[in-house]
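Below is one structure, written out as structure tokens; the observations come after it.
The values are calculated or read from the model by the stated rules, or taken from the named source; none is laboratory data. Just so you know, these numbers come straight off a predicted model, no measurement behind them. Positions of Cβ are generated from backbone atoms using ideal geometry, with glycine treated the same way; all protein chains shown enter the neighbour counts. These accessible areas exclude ligands, DNA and RNA; they are computed on the full protein's heavy atoms, side chains included. Shrake-Rupley method; radii C 1.70, N 1.55, O 1.52, S 1.80 Å.
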Amino acid sequence: MLVLNVQDFRFVWNTVSADGTVTRTSKNMFGVSEIRLAKTTVSEEVAMVKKLIDQLSDRRYSMRVSAEKELRKVAGPYQEILKTRLESGNAEARIRLKRVLAFLTKQDQNAKALYDILTDVKGAKIRGDSPNLKIIGKFYGSDLELRRKGIVRIVRQNGDPSIAAAKFAPGFVATEKQPSRFYTPAMKTADFETGKGGMRMRIGDDISLAYAYLGCRLMCEPSKSGKKHDNRVEIDGYDVQGRSPGKSGVCLDQDYDSPKYKGRFRVNFCMPGQPGLNAKTNRVGTYLQMINVPRTIVLEAYNSDDECVGICEAIESTSFVGIESEHLISYVRVTTNHYLVASGDTELDNDFAVDDLTFAEPRRDLTSGYDAEFAVTMARGDVLRCRDIEFVDDKIKLVGCTVLNRDMEVAANEVLSIVTPKSKQKTRNTTNNAFVRTQDGSVLAIKKIGEQAIVDFPSYELKKEKICGVWGAKTLCRYANRKDYKSGKQIVVFPTLRLLVDRIEIADDKVSWGQSKSTITKQSMEKFEDIDDPKHEKTYALSDSPTIWFKAPQKTAPGLGMIRLTDKQRLVLGKGYFQLSELSRDAVTIRFGDDKISLPMTQVRSIIFPQLQK
């Protein structure tokens with residue numbers, strides 16, 4: 001993702017009629033809001049189809065045979081062009097053309113060309129292409145030329161990208177009865193009927209990347225058994241009673257030693273057209289169908305730290321489920337309701353389908369990186385990849401920057417975040433029992449908690465009144481529903497079940513509460529007493545504790561930075577918080593009060609730098 005200063009960006013835009021007529025017009029980027037580019041251009045494909053038709057009359061027999069064979073492969077979206085040429089050429093050419101048309105009609109009547117899509121400043125969408133698209137601009141003082149092959153999407157940027165996120169009330173909102181709030185023109189929707197460019201989906205199609213152009217990747221999580229699966233998400237004929245009729249999405253397990261359909265349906269959000277660039281959203285919804293056993297599946301939303309930031313249960317055989325969260329959502333999973341399935345199997349079988357997936361426009365995830373390269377996000381929005389980084393005074397040197405194919409120096413105050421390569425990250429060995437979230441948004445590992453929490457790194461005692469929540473090192477952080485925080489009670493969060501408790505006792509490495517003081521809250525479970533689960537009344541070891549919220553967690557204040565460590569800790573950076581003291585290619589030094597702590601860069605996942613407030 002790059003931001004270029006372009007003074008005058010003009011380009012040729014081709015529109016192609018059904019009979020193959022190409023009309024060329026001149027466009028200026030000042031009248032354009034967005035251009036989404038297909039892998040190939042329609043005008044070039046039309047020219048190739050016309051050339052192949054001409055070759056059907058070639059004097060060489062081998063060329064005529066080859067042309068007919070090639071037309072069967074590529075001419076599906078351009079059958080109208082073939083029809084206009086049925087009366088031209090010699091007798092043999094007409095016979096071959098009729099054979100091609102008969103084959104294409106039988107094979108797929110819904111094949112469509114993949115056009116580039118131009119959106120003008122008024123919102124109108126125009127199909128066409130720009131084969132020789134070229135952008136020349138200034139990139140941090142250097143001349144840079146980009147050609148069509150290296151471009152996926154062009155967006156006209158209005159003003160600087162906002163650093164501060166929108167304000168929301170704490171927690172999430174689960175929605176089961178207002179799907180119309182989710183299916184709006186501003187939302188992205190995958191209906192599993194059509195894909196990019198209006199291409200019709202067919203039963204059996206692998207659609208793992210079919211909707212990457214909208215901003216999502218679809219996958220099937222493998223079994224917990226550790227067995228290697230060749231899993232994918234494909235189109236199926238289930239007619240989920242959602243907004244669109246017909247097809248839907250299912251998980252397919254191609255390991256035929258186990259049931260054919262098996263797995264947890266997962267959606268990872270990405271930047272539109274860039275499946276390798278992770279992104280986040282704050283609203284997502286879909287229709288779920290469990291044909292034989294209703295009310296056993298849920299939609300779970302997670303942030304980039306793998307914390308569960310929202311959950312919504314399917315309450316009928318076919319249900320809409322939606323989640324809005326102040327904590328941005330990196331991915332969602334469809335899985336079984338752990339507390340309604342006696343077997344405890346969190347994988348889904350062949351009675352399960354997903355349809356009409358909808359989500360808000362994804363935004364860049366500053367904590368997402370690459371396997372072998374550093375990811376550097378600039379304050380104005382560029383995302384740069386490089387082999388290594390070096391820090392010299394007030395500058396950062398990007399070694400082997402892939403954009404310029406050379407080293408590049410940028411001012412340190414122009415950098416928004418740095419993410420280290422996954423291949424270089426190593427987790428620090430610890431013996432911590434739990435994690436706590438503080439009022440400023442830091443997440444710290446602790447050994448024990450009473451009136452004070454004993455923090456492992458940096459080593460100090462944290463007053464309990466500065467703690468918002470705590471969860472065991474062996475469990476998952478789960479956020480509560482927005483209305484729970486308004487109750488004034490303390491909240492215990494299990495998967496799909498929350499307890500509102502008057503008082504929670506925590507002493508050293510034990511957690512307990514009284515069941516008689518609790519209020520049960522759940523999306524659709526009317527009778528808690530029907531569930532024989534003693535976990536809700538017993539004392540927990542701190543390391544196994546569910547998430548407990550003493551008060552509502554607050555978002556990190558705008559302008560503050562954050563260091564994410566490989567052991568799941570998060571340190572808020574800024575005046576009055578942790579201070580970033582020194583930075584080198586090998587280590588990061590943090591100042592906390594009068595103490596300085598040095599960490600190897602291999603233990604750092606990402607650094608978001610504090611920003612000066614305007």
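So here's what we get for this one:
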{"item": "Odd one out for G128 among (1) assigned to a helix (DSSP H, G or I); (2) under 19 Å from D19 (Cα atoms)", "result": "(1)"}
{"item": "Count of residues meeting criterion [out of contact with any Cys (no Cβ under 7 Å at 6 or more places or on another chain) and open to solvent by less than 10 Å² (accessible area, probe 1.4 Å)] in the stretch 321-334", "result": "5"}
{"item": "Checking S423 against (1) open to solvent by 40 Å² or more (accessible area, probe 1.4 Å); (2) small (G, A, S); (3) under 23 Å from I491 (Cβ atoms), the condition it does not meet", "result": "(3)"}
{"item": "Which numbered condition S88 misses (of (1) in contact with an Asp or Glu (Cβ under 9 Å, 6 or more places away or on another chain); (2) assigned to a loop (DSSP other than H, G, I, E, B))", "result": "(1)"}
{"item": "Checklist (1) open to solvent by 10 Å² or more (accessible area, probe 1.4 Å); (2) under 25 Å from S598 (Cβ atoms) applied to Q439, failing item", "result": "(2)"}
{"item": "Filtered residues of the stretch 352-388 (kept if more than 18 Å from R564 (Cα to Cα) and of a type in the set (D, E))", "result": "D355, D356, E361, D382, D388"}
{"item": "Single condition L71 does not satisfy, out of (1) in contact (Cβ under 8 Å) with a residue 24 or more places away in the chain; (2) under 30 Å from T402 (Cα atoms)", "result": "(2)"}
{"item": "Lone unmet requirement of (1) modelled with pLDDT of 80 or more; (2) on the phi > 0 side of the Ramachandran plot; (3) not β-branched (V, I, T) for M63", "result": "(2)"}
{"item": "Members of the stretch 569-583 found to be out of contact with any Phe, Trp or Tyr (no Cβ under 8 Å at 6 or more places or on another chain) and outside any loop (DSSP other than H, G, I, E, B), listed by number", "result": "R570, S581, E582"}
{"item": "Some residue of the stretch 596-608 being open to solvent by 30 Å² or more (accessible area, probe 1.4 Å), touching a residue at least 60 places away in the same chain (Cβ under 8 Å) and in a loop (DSSP other than H, G, I, E, B)", "result": "no"}
{"item": "The stretch 400-411, subset modelled with pLDDT of 85 or more and farther than 22 Å from M271 by Cβ, residue least open to solvent (accessible area, probe 1.4 Å)", "result": "G400"}
{"item": "Yes/no for D502 being among the charged types (D, E, K, R), modelled with pLDDT under 85, out of contact with any helix residue (DSSP H, G or I) (no Cβ under 9 Å at 6 or more places or on another chain) and open to solvent by 30 Å² or more (accessible area, probe 1.4 Å)", "result": "no"}
{"item": "Wholly enclosed strands (runs of 3 or more DSSP E) of the stretch 335-399 bearing at least 1 residues open to solvent by 40 Å² or more (accessible area, probe 1.4 Å), out of contact with any Pro (no Cβ under 8 Å at 6 or more places or on another chain) and at pLDDT below 85", "result": "388-392"}
{"item": "Pairs, first in contact (Cβ under 8 Å) with a residue 40 or more places away in the chain and assigned to a strand (DSSP E or B) in the stretch 444-473, second open to solvent by 50 Å² or more (accessible area, probe 1.4 Å) and among the acidic types (D, E), C-beta under 9 Å, six or more apart", "result": "K448/D508; K448/D509; I449/D508; I449/D509; Y460/D595; G472/D544"}
{"item": "Given (1) modelled with pLDDT of 85 or more; (2) over 18 Å from K397 (Cα atoms), index of the condition Y577 fails", "result": "(1)"}
{"item": "Of all residues making up the stretch 178-200, the number that are within 23 Å of S319 (Cβ to Cβ) and over 22 Å from the mean Cα position of the chain (by Cα)", "result": "2"}
{"item": "Single residue of L218, L146, L209 found to be at pLDDT 75 or above and part of a loop (DSSP other than H, G, I, E, B)", "result": "L209"}
